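Read-outs: derived from the displayed coordinates by stated rules, not from any lab. Predicted, not measured: the structure shown is a model, and the values here were computed from it. Neighbour counts are summed over all protein chains in view; Cβ atoms, including those assigned to glycine, are modelled from backbone coordinates with ideal geometry.
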Amino acid sequence: MSQPSSASQRLETITAHMATTPAEKPPVTCHVLDTTIGRPASDIKCTLLQFPEGKLGIEATADELATGTTNQDGRVTSWSGEKLKLQDGAVYKIRFEVEEYFKRSGQETFFPFVEITFRVRSTQEHYHVPLLLAGWSYSTYRGS
């Protein structure tokens with residue numbers, strides 16, 4: 001991914017980043033940073049899924065809730081479909097389709113996709129799920 005080359009493009013990127021105010025922010029957001037180049041990873045398809053209550057074993061299948069794509073800042077700030085409504089105590093995951101991103105970037109990767117599973121303790125909180133990504137490793141944490 002190349003950085004914006006002009007002042008107007010940089011301003012557009014910053015404006016898009018700031019366009020989502022806390023009141024408009026969905027209950028779950030995510031962010032992908034390509035740590036091999038030290039920049040946001042754009043145009044990565046992300047899918048938010050929810051596991052049925054009490055079904056977390058290896059055979060468990062999660063239901064798709066919404067999809068989104070990372071923007072120029074590497075963020076998914078809005079999801080497709082109806083307004084997301086989370087449930088206290090429910091388990092969710094975000095699936096990041098990273099293989100195409102790496103192909104476009106001319107980089108190799110070990111991972112065709114990355115899935116991050118997390119529990120929503122309270123629907124009164126916002127959940128931000130960052131993905132720090134490289135071709136041969138990744139990490140995550142609970143963001144703010």
**Prompt:** Under a plain spin-label model, where a point goes 7 Å from the Cα along Cα-to-Cβ, how far apart in nm are Asp88 and Ile37?
**Reply:** 4.4
**Fill in**
The simple spin-label model distance between Ser122 and Lys25, using points 7 Å out along Cα→Cβ, in nm, is 1.5
**Message:** Using the basic label-point model (7 angstrom from Cα toward the beta carbon), what is the Thr67 to Glu115 distance in nanometres?
**Reply:** 1.7
**Asked** After finding the eigenvalues of the alpha carbon gyration tensor for the range 7-140, what semi-axes result from the square roots of 5 times each, listed largest first in whole Å?
**Response** 25, 20, 11
**Sites Ser80 and Glu53 - FRET efficiency at Förster radius 30 Å, r taken between beta-carbons, to 0.05** = 0.80
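Sorted by packing (mean other beta-carbon atoms within 10 Å per residue), highest first, where do 74-81, 97-104 land?
Those peptides, ordered most packed to least, come out 74-81, 97-104.
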**Item:** Amide proton proximity set for Ala66, modelled H, under 5 Å, gap of 5+
**Value:** Leu48
**Item:** Under 30 Å from the Cα of Lys85 - lysines, other chains or at least 8 residues apart
**Value:** Lys25, Lys45, Lys55, Lys93
